[in-house]
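Q: Got a structure for you, written out below as structure tokens; questions coming shortly.
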Amino acid sequence: MDRPFDARREMLIDSNQPPHEWRPVSLVVALRAALLQEPTTLPLPVNNHRQRTIRAIMDELTNRGLDGDSLVRFGMGPEIVGAILEFLIPDWFATTGFDVSVSASRSTLAIAGTAQATSAPRDISTDWRRLMETRLPLASEAGSEDPQQVFRQVQACMLALAQTALPWVMAAPLDDVIALRPPPEESLQVYVSSPGPDPDLLDEYRWAVERFSTTLLTDWSTSSLHREHRWLMNLHPAPCCVEMMDDRLVPLTDLQAEIAHRATTPSREGQPVQMAGMAGTLSAKMHEQALELLRENQFRAAATLFEFALSQNPEDAGAANNLGFCLVPEDPRAALPHLNRAALLGYPHPLINLYNRALCHSLLGEHRSTLALIEAEWAVDSPSEGAFLWTQVDGALRLVEHVDVRRNVAVLAASAADSLGQREDQARWDRLAA
């Protein structure tokens, strides 16, 4: 039986070979990863190697028929803009009255109290701040104590950044884009006032990026799903040669199922494509930082990051699950509605979500509900996968990485059966947990 497609795994398999021997999937995954490895946090020799690697991969893709320059600018441009968020967003929160900083030891967002220094060299970060100062809609409501108001303000800043920096990505010298090197004000004004690219062009190259480097169809944009479907129906041309397209085969039934699901559930794409790309980059940074905050028992601060994500996209199942996950140690009852909503929204890791919900019931002493929930959903079609979970160790919750989720669900069920005095059920679940 063929193993399921995993874009990152394919890249890791090829990584010991020179790029000219890589599959197209591996080239796009590696290019995307290198571009989003923020150059401002790397030592100069490493950064120089990064830029050479990016250029080599772009040249290889171009030689095979997928224009590397267009793929970076049009397909990955929104994510490049998103990388600039790392050293701008702390200022945005701080201006609204929320104290936010950037960790000196990690290139991720940090709530005040974890670090105070910025990881970006002063020349790049300061120049970007100066360029954006007069373009941000912040000053009118600074000092707000309403988180939702703050989230709306920061979202407005994200849109302002997209409208300013995306034209720069489209037209600036490519070396400047790769290095996130900000332009002089007069050059930026020229970029901003120039006609932007056709939205269809952005969608076309976004499709190429997602097709070759995004594993799950649930993470594709709707426009990419539609283009893939039309291409399979011979109604739309491919963004590259057929030989490259054949490197990944997308099952038509899976594609149709995801399109149907999008059509019958509330829209999750109320943002323009450039905002969606930026949000994806920010989401990854939020996830990394939330884990750091949780390790430091800053549960409320970690939850705030996902509250912000939900303020941008209320239908984000991942953000809903992660918000609930952050709340579990301090308030499992408050966590449950978010975890239940994530399940309703189709969170793509149902076994993890089941564990999180069952754990909340267990912590609340609702052992009958714990057992009933697990009995009802144990057979969920989900592989035995690793994850970050809260587990009970000596009566306290501890954040554990890469544990076997299915086994831990069985452990919860056995514990609930034990508390209820149901010895046969306990023995059955103990066997499943063994």
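Q: Any residue at all in the range 194-205 that's in the same structural domain as V28 (by TED's automatic domain parsing), buried (at least 18 other Cβ atoms within 10 Å of the Cβ) and under 17 Å from L36 (Cβ atoms)?
A: yes
Q: Restricting to the range 218-251, what's the tally of residues that are assigned to a helix (DSSP H, G or I) and either of a type in the set (D, E, K, R) or in contact (Cβ under 8 Å) with a residue 60 or more places away in the chain (or both)? Show your work before the answer.
A: From the range 218-251, those assigned to a helix (DSSP H, G or I) are 218-219, 222-232, 242-245; that's our starting set.
Add one more test, that the residue is either of a type in the set (D, E, K, R) or in contact (Cβ under 8 Å) with a residue 60 or more places away in the chain (or both), and what stays is 218-219, 227-228, 230, 243-244.
Within the range 218-251, residues that are assigned to a helix (DSSP H, G or I) and either of a type in the set (D, E, K, R) or in contact (Cβ under 8 Å) with a residue 60 or more places away in the chain (or both) number 7.
Q: So which pairs qualify, if the first residue must be in the range 377-396 and assigned by TED's automatic domain parsing to the domain that holds A343 and over 19 Å from L291 (Cβ atoms), the second must be at pLDDT 85 or above and among the charged types (D, E, K, R), the Cβ gap must be under 7 Å, and the two must be at least 6 apart or on different chains?
A: S384/D404; S384/R406
Q: Any residue at all in the range 351-360 that's hydroxyl-bearing (S, T, Y) and under 14 Å from A416 (Cβ atoms)?
A: Of all residues in the range 351-360, those hydroxyl-bearing (S, T, Y) come to 355.
Still in the list and also under 14 Å from A416 (Cβ atoms): 355.
Taking every residue of the range 351-360 in turn, at least one turns out to be hydroxyl-bearing (S, T, Y) and under 14 Å from A416 (Cβ atoms).
Q: Within the range 10-32, how many residues turn out to be not in a helix (DSSP H, G or I) and not polar (S, T, N, Q)? Give the derivation first.
A: To start, the set of residues in the range 10-32 that are not in a helix (DSSP H, G or I) comprises 15-18, 22-23.
Subsequent filtering for residues that are not polar (S, T, N, Q) retains 18, 22-23.
Of the residues in the range 10-32, 3 are not in a helix (DSSP H, G or I) and not polar (S, T, N, Q).
Q: Sticking with this structure for a sec: Report every pair of residues separated by at least 6 positions or lying on different chains whose Cβ atoms are under 6 Å apart, first residue within the range 160-182 and free of Cβ contacts under 8 Å to residues at least 60 places away in the same chain, second of a type in the set (D, E, K, R) and not in a helix (DSSP H, G or I).
A: Once the first residue is free of Cβ contacts under 8 Å to residues at least 60 places away in the same chain and sits in the range 160-182, no partner that is of a type in the set (D, E, K, R) and not in a helix (DSSP H, G or I) comes close enough.
Q: Quick one: A94 ticks every box in (1) modelled with pLDDT under 50; (2) touching a strand residue (DSSP E or B) at 6+ places or on another chain (Cβ under 8 Å) except a single one, so which number is it?
A: (1)
Q: While we're here: Could you say whether any residue in the range 303-319 is surrounded by fewer than 19 Cβ atoms within 10 Å (Cβ to Cβ), more than 21 Å from L217 (Cα to Cα) and in contact with a Leu (Cβ under 8 Å, 6 or more places away or on another chain)?
A: Checked against the condition, which is being surrounded by fewer than 19 Cβ atoms within 10 Å (Cβ to Cβ), more than 21 Å from L217 (Cα to Cα) and in contact with a Leu (Cβ under 8 Å, 6 or more places away or on another chain), the range 303-319 yields at least one hit.
Q: Sort out which residues of the range 218-231 are within 16 Å of M245 (Cα to Cα) and either among the aromatic types (F, W, Y) or modelled with pLDDT under 90 (or both), and write them in order of number.
A: Correct list: W231 only.
Q: For the range 285-395, give me every one of the helices (runs of 4 or more DSSP H) that falls completely inside it and has 2 or more residues that are aromatic (F, W, Y) and either at pLDDT 95 or above or within 23 Å of Q153 (Cβ to Cβ) (or both). So that I can check it myself, show each step before the final result.
A: Values: elements: 299-312, 317-327, 332-344, 350-363, 367-377.
Answer list for the range 285-395: 299-312.
Q: Could you list, in sequence order, all residues of the range 362-376 that are buried (at least 20 other Cβ atoms within 10 Å of the Cβ) and free of Cβ contacts under 8 Å to residues at least 40 places away in the same chain?
A: L373, the sole residue that qualifies.
Q: Then there is this: Report, ordered by the first and then the second residue, all pairs with beta carbons closer than 7 Å, sequence separation of six or more or different chains, a first member in the range 402-425 that is in the same structural domain as L359 (by TED's automatic domain parsing) and surrounded by 17 or more Cβ atoms within 10 Å (Cβ to Cβ), and a second member that is outside any helix (DSSP H, G or I) and hydroxyl-bearing (S, T, Y).
A: V405/S384; R406/S384; N408/T391
Q: Oh, and also: Would a scan of the range 214-227 turn up a residue that is under 18 Å from M170 (Cβ atoms) and charged (D, E, K, R)?
A: no
Q: Looking at the structure I just gave you, is E210 more than 25 Å from the chain's Cα centre (by Cα), at pLDDT 85 or above, within 30 Å of C157 (Cα to Cα) and part of a helix (DSSP H, G or I)? Before the answer, list the steps.
A: On the way: more than 25 Å from the chain's Cα centre (by Cα): no; at pLDDT 85 or above: yes; within 30 Å of C157 (Cα to Cα): yes; part of a helix (DSSP H, G or I): yes.
No; evaluated as a whole, the condition is false for this residue.
The values are calculated or read from the model by the stated rules, or taken from the named source; none is laboratory data. As the structure is a computational prediction, the values presented were derived from the model and not from experiment. A quick note on method: Cβ atoms are made from the backbone with ideal geometry, for glycine too, and the neighbour counts reach across all protein chains shown.
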